[in-house]
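Here's the structure we're looking at; comments come further down.
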Amino acid sequence: AVVWQEMLGIEEIGVNDNFFELGGDSLIGMELVSRLSKQLNTHIPAVNLFEGPTIGALSRLISPDTAADTTLDDSESRGARRRERQAERRTRRERSR
């Protein structure tokens, strides 16, 4: 959580807060995964952040004890929510012009 807080500039982040909903993007995500890999002394594929965009889900993905039992949100619904937020942002920008 500390690394997430540093990377996103947010004081308190819960285990169920979504990285992308907190303002994270792919560039920040790559740096986050790199820092976590170094800190935990293990390889973390970048795709894990997209598959598990919360601290809780990501920890289950990288933990060898629970990786096989991990169940995550349907990625299609996460993608749909992300596209919806992007469309809302575009609409707000267009209205402000």
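Could you compute the FRET efficiency for Glu94 and Thr42, with r as their C-beta to C-beta distance and R0 at 30 Å, rounded to 0.05? Don't skip to the answer; put the middle values down first.
Working: r = 44 Å, r/R0 = 1.46.
Working from the Cβ atoms, E equals 0.10.
Under 25 °C and 0.890 mPa s, how fast does segment 1-60 diffuse according to Stokes-Einstein, given a Kirkwood radius computed over C-alpha pairs? Answer in µm²/s, whole number.
Numbers: Rh = 11.3 Å.
Once the numbers are plugged in, D ends up at 218 µm²/s.
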Check: Can you give the accessible area of Phe50 in Å² (nearest 10), computed on protein heavy atoms with a 1.4 Å probe?
Finding: 80
Margin query: Can you give me the long-range amide H partners of Thr54? Hydrogens built in the peptide plane at 1.01 Å from N, cutoff under 5 Å, separation of 5 or more residues or another chain.
Written below: Phe19
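Based on the Cβ-Cβ distance from Arg85 to Val15, what FRET efficiency comes out when R0 is 25 Å, to the nearest 0.05?
Computed FRET efficiency for Arg85 and Val15: 0.70.
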Next item on the list: Output the peptides 8-16, 41-49, 87-95 sorted from most to least packed, where packing is the average of other Cβ atoms within 10 Å over each peptide's residues.
Entry: 41-49, 8-16, 87-95
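The values are calculated or read from the model by the stated rules, or taken from the named source; none is laboratory data. Note that the structure is a prediction, hence the values are computed from the model and not measured. Heads up, the Cβs are rebuilt from the backbone with ideal geometry, glycines too, and the neighbour counts pull from every protein chain shown. Calculation scope for accessible area: heavy atoms of the full protein, side chains included, ligands and nucleic acids excluded. Shrake-Rupley method; radii C 1.70, N 1.55, O 1.52, S 1.80 Å.
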